[in-house]
Amino acid sequence: MLNIDPDTEEDPMLAAIHIRQTRSDAGPQICAAIATDDDVTLLTRDGDSDVDRALLGLDAFGALYEKAQVCPARVHISDAALRRTLKDVAASFPAVEFVDTAFGPFGTLLAHASVAIGTYVAELLAADEARREAEIESRPPLVVATDASKARNRRGTGLGCVSNTGVHHMRMAPDARSILEGELLSIDMAIARFMHRKLHILTDSRLALACLEGTYEGRPEIVEVVERIRNRVKSRTVEFTWVRGHSGHPLNEAADRLAVAARRCHDASVSPEVAAAIAGNIVESLKGAMPETA
C-alpha cells in the first residue's frame, strides 16, 4: 500500500521501468529505462544471463526508489519476473505502489521508455556499422577471379570464384543459357559471397564487363543479372578488371578449373563432400603461384 502524507496532498509520481536485451559488436548487453513524467533515465549492464537482467532491473528500481523518497510513486515494471519479485517484498518499499497492467498513463510512460532504449540501441548499432565500414576502407581490396564453364549444346553453366587469400566458391547454374550469363552469374556470386571487403574482381569476359559498364538491352535473363550486380555494388567499392583467359594467370586458372569442376560434378551427381574436396585440391595446387594475400 502506497503511503502518502495526507498533510502534503501531493499526487504520487507515475513511473514505468522497461528492460530489453540487445547485442552489439562488443557483446550482449541489457538496457533498462526508467520513465517518469519529468524524464527518462537509461541504465545498461553487460551480459545476457537471467542474473544480469535481474541485477539491472534491481538497479533501475533502486534508482527510482530514491526519487520515491521525495515523492511517493506508482510504478509499472514490464518485466513480469522482476515485478513479481518486488511485489513479494512490497512491504519493504512503502513509498511505492506496484501496478500490474500498463493502462492509461503507464502505457504512455512505457512507450517513452521503449523509445529511449530503441534510440540507444540504434546509436550502438550505427557506431558498430561505422567501425566496420572504417575497417573495410582501411584494408586493401580483396582480389577475386571469376569464371564460368559451359558445355556445348547443353543448358547450365558451372561457376567458380577464388580470392587471393585462397577462399573459393563454386556452384552450378543449371538454367543458365549462355556463357555470358554464366560469366555474369560468377561475378554476382563473388560479390555476394565476399560481402565485407573492397573487391577487385578479375574476369576474362570482355562482354561481361561491357554489359556492366554500358547499357544492355538484350535477353531478359542477362538484364536481370546485370541489374542485380549493379544493385549489389551500389554502396560498396568494387573494381572490375579484364585478364586474358588461359594465359597462366593463377587466379584466373583456379577460377576456370573451379567452374569446370562445378559443371562436371553436377553432371556426374557427385556428392557435396566430394565436390568440396575437389575444389579444395584445385585451389591448394595453385596456392604457390597466387599473388600475395591481402
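The values are calculated or read from the model by the stated rules, or taken from the named source; none is laboratory data. These numbers come from a predicted model, not from an experiment. FYI the Cβ positions are ideal-geometry reconstructions off the backbone, even for glycines, and counts take in every protein chain you see. Just the protein is used for accessible areas: all its heavy atoms, side chains included, with ligands, DNA and RNA removed. Shrake-Rupley method; radii C 1.70, N 1.55, O 1.52, S 1.80 Å.
A few notes on this one:
- Against the test of being open to solvent by less than 80 Å² (accessible area, probe 1.4 Å), charged (D, E, K, R) and assigned to a helix (DSSP H, G or I), the options E133, E137, E181 yield a single qualifying residue, E181.
- Residue that is surrounded by the most Cβ atoms within 10 Å (Cβ to Cβ) [pool: residues in region 202-243 that are β-branched (V, I, T) and under 22 Å from I136 (Cα atoms)]: I229
- The C-beta contact set for region 110-130 (first residue under 20 Å from A60 (Cβ atoms) and in contact (Cβ under 8 Å) with a residue 12 or more places away in the chain, second residue among the basic types (K, R) and open to solvent by 40 Å² or more (accessible area, probe 1.4 Å), distance under 6 angstrom, 6+ apart or interchain) comprises I117/R20.
- Inclusion of A190 among residues that are assigned to a strand (DSSP E or B) and either under 21 Å from V270 (Cα atoms) or open to solvent by less than 50 Å² (accessible area, probe 1.4 Å) (or both) is not warranted.
- Inter-residue pairs, beta-carbon under 8 Å, first within 20 Å of L110 (Cβ to Cβ) and part of a helix (DSSP H, G or I) and in region 69-82, second open to solvent by less than 10 Å² (accessible area, probe 1.4 Å) and among the small types (G, A, S), 6+ apart: L82/G57
- Selection of region 1-20 for residues being modelled with pLDDT under 95 and not hydrophobic (A, V, I, L, M, F, W, C) yields N3, D5, P6, D7, T8, E9, E10, D11, P12.
- Where a residue in region 11-36 is over 19 Å from E123 (Cα atoms) and its partner, wherever it lies, is among the basic types (K, R) and assigned to a strand (DSSP E or B), with Cβ under 6 Å and at least six apart: P12/R74; L14/R74
Matching residues to (1) more than 19 Å from V162 (Cβ to Cβ); (2) free of Cβ contacts under 8 Å to residues at least 24 places away in the same chain:
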| site | (1), (2) |
| --- | --- |
| I187 | no, no |
| L199 | no, no |
| I222 | yes, no |
| S235 | yes, yes |
| G245 | no, no |
| P250 | no, no |
| D256 | no, no |
| A261 | no, no |
| R264 | no, no |
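- Condition met for L82 (under 19 Å from I30 (Cα atoms) and touching a Gly at 6+ places or on another chain (Cβ under 8 Å)): yes
- The set of residues in region 22-50 that are modelled with pLDDT of 95 or more, open to solvent by 20 Å² or more (accessible area, probe 1.4 Å) and of a type in the set (A, V, I, L, M, F, W, C) comprises V40, L42, L43.
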